[in-house]
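Some notes on the structure that comes next.
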Amino acid sequence: MEDRDIVALYWARSEDAVRETQAKYGAFCLAIARNLLGLAQDAEECVNDTYFEAWDSMPTQRPARLRPWLGRVVRNLSIDRYRRDHAKKRYDGMELLLSELEDCVPAQDPVDRVLEAKELGEVITSWLQSLPAADRRLFLRRYWNGEALKDLAAELHEKPERLAQQMLRLRRALQSKLEQEGISL
């Protein structure tokens, strides 16, 4: 089923919308949540919350492409879950991702957060678009979808060490771009 048809089901308030979403994007959403949280049960809860969010949000939103929209929702829900449960020290996947990026993504003061986040997002988007397609996909799979380096390396038939070096070069390139744009680190 096409995305526009699934969105139309949400707008029609048909319960088939959730079933179709689960059939087409359930594995994708679960992979993101599992990569970020590490615990299958928590990941499944975030995916279910994603379906609820889709059901709740569709009357006001009509995303043209459902996959990235759902990816953003499940990712944000997983990050919220991580932050809520972080004090319990139950997750290490998110901690590793955040620690890898902390040198090139600036910390933000709450007052300036919205404006800086928008500017930061625009710079990162521009930087990503300037990358070769393979590097862009790799960066997004690692830092957006939270996929493990060892899994990416196995899929790409690369040594994890070589892939780690490539990720380091990409993070340094991002850091350099942010510095060029005057975004303080």
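The values are calculated or read from the model by the stated rules, or taken from the named source; none is laboratory data. Computed from a prediction, not measured in an experiment: that's the story for all the values here. Glycine gets a Cβ as well: all are built from the backbone with ideal geometry, and neighbour counts include every protein chain shown.
Given the structure, is E2 over 30 Å from L168 (Cβ atoms), at pLDDT 90 or above, in contact with a helix residue (DSSP H, G or I) (Cβ under 7 Å, 6 or more places away or on another chain) and not aliphatic (A, V, I, L, M)? No, not satisfied. The residues of the stretch 30-43 that are crowded, with 16+ Cβ neighbours inside 10 Å, out of contact with any Cys (no Cβ under 8 Å at 6 or more places or on another chain) and assigned to a helix (DSSP H, G or I), listed by number, are L30, A31, I32, R34, N35, L36, D42, A43.
Checked against the criterion of being surrounded by 17 or more Cβ atoms within 10 Å (Cβ to Cβ) and at pLDDT 90 or above, the candidates L178, L163 yield just one match: L163. A count restricted to the stretch 41-97 and to residues that are more than 21 Å from R142 (Cβ to Cβ), modelled with pLDDT under 90 and aliphatic (A, V, I, L, M) stands at 3.
The residue pairs whose first member lies in the stretch 20-49 and is assigned by TED's automatic domain parsing to the domain that holds Y82 and touching a residue at least 24 places away in the same chain (Cβ under 8 Å), whose second member is buried (at least 16 other Cβ atoms within 10 Å of the Cβ) and among the acidic types (D, E), and whose beta carbons are closer than 6 Å, counting only pairs six or more residues apart or on different chains, are N35/E147.
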